[in-house]
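First the structure, in the form of structure tokens, and then the observations on it.
Since every read-out is calculated from the coordinates, none of them should be taken as a lab result. Here the structure is a predicted model, which is why all the values come from computation and not from measurement. Counting neighbours? That spans all protein chains shown, and the Cβs are built from the backbone with ideal geometry, glycine included.
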Amino acid sequence: MTYRVQKTTENINWTRVADLLAHFGLSEFDAETQQKVFEQSYAVVFIFDKEQVVGFGRAISDGICQAALYNIALDEKYHGKGLGKEIINQLIMQVKQCNIILYTHPCII
């Protein structure tokens, strides 16, 4: 199966983004707010299966020496295919000159 990587916020289904983030307990912001959050980020990555967003992540950074990766989420149907790793690798490539922090949300089990 072929997946498409996109590094812009063009033509994104923001409701899908908000739903995935809420599903994993990463954010309760609505679609409009998620759009603003991602558009204001230094770097973004979206993974598509055909026309559907199945995963994404973003980086905030000064672009010089510090960056943090946030909101990395991948639809559970796509786990185990290396796509989460691809999201992280794509973000790292965009901020490779920086010290990078990966922010993870505590998981309640």
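In square nanometres, what is one fourth of the surface area of the convex hull spanned by the alpha carbons of the range 51-109? Could the numbers behind the result be given before it?
Details: hull surface 19.6 nm².
Orientation-averaged projected area of the Cα hull: 4.9 nm².
Please return the longest range in the chain lying between exposed loop sites, taking trypsin sites (Lys or Arg not before Pro), DSSP loop only, at most 16 other beta-carbon atoms within 10 Å, and leaving the sites out. Don't skip to the end; give the middle numbers.
Numbers: sites that count: Lys7, Lys50, Lys81, Lys96.
Maximal segment without exposed cleavage sites: 8-49.
Grab the other residues whose beta carbon is less than 14 angstrom from that of Asp30, score K and R as +1, D and E as -1, and report the net. Walk me through the numbers before you get to the answer.
Details: positive: Arg16, Lys36; negative: Asp19, Glu28, Glu32.
Its environment carries a net charge of -1.
Mind listing the phi-derived Karplus ³J(HN,Hα) values for the range 58-67, rounded to whole Hz, using 6.51, -1.76 and 1.60 with θ = phi - 60°, and x for any glycine or proline?
8, 10, 10, 6, 8, x, 10, 9, 10, 8
Quote the convex hull volume per residue of the chain, based on C-alpha atoms, as a whole number of Å³.
Working: hull volume 10.9 nm³, N = 109.
Dividing the Cα hull volume of the chain by its residue count gives 100 Å³.
What's the percent breakdown of Cα-Cα distances in the range 13-54 across 10 Å bins, shortest bin first?
29, 59, 12
If Lys and Arg each add +1 and Asp and Glu each add -1, what is the summed charge of the other residues whose beta carbon sits under 9 Å from the beta carbon of Gln52? Show your work: numbers first, answer last.
Working: positive: Arg16, Lys50; negative: Asp49, Glu51, Asp75.
With Lys, Arg at +1 and Asp, Glu at -1, the net is -1.
Along the charge dipole of the chain, pointing to its positive end and built from +1/-1 on Cβ of Lys, Arg, Asp and Glu, which listed residue (Phe38, Ala18, Leu69) has its Cα farthest out?
Leu69
In the chain, which longest range has no GluC sites (Glu not before Pro) that are both DSSP loop (not H, G, I, E or B) and surrounded by at most 14 other Cβ atoms within 10 Å? Write out the running numbers ahead of the final one.
Values: sites that count: Glu10, Glu28, Glu51.
The reported range is 52-109.
State which entries of Lys36/Lys85; Lys7/Lys50; Lys36/Lys96; Lys36/Lys81; Lys7/Lys96 exceed 18 angstrom in Cα-Cα distance in the structure shown.
Details: Lys36/Lys85 25 Å; Lys7/Lys50 16 Å; Lys36/Lys96 24 Å; Lys36/Lys81 29 Å; Lys7/Lys96 15 Å.
Cα-Cα > 18 Å for Lys36/Lys85; Lys36/Lys96; Lys36/Lys81; rest within.
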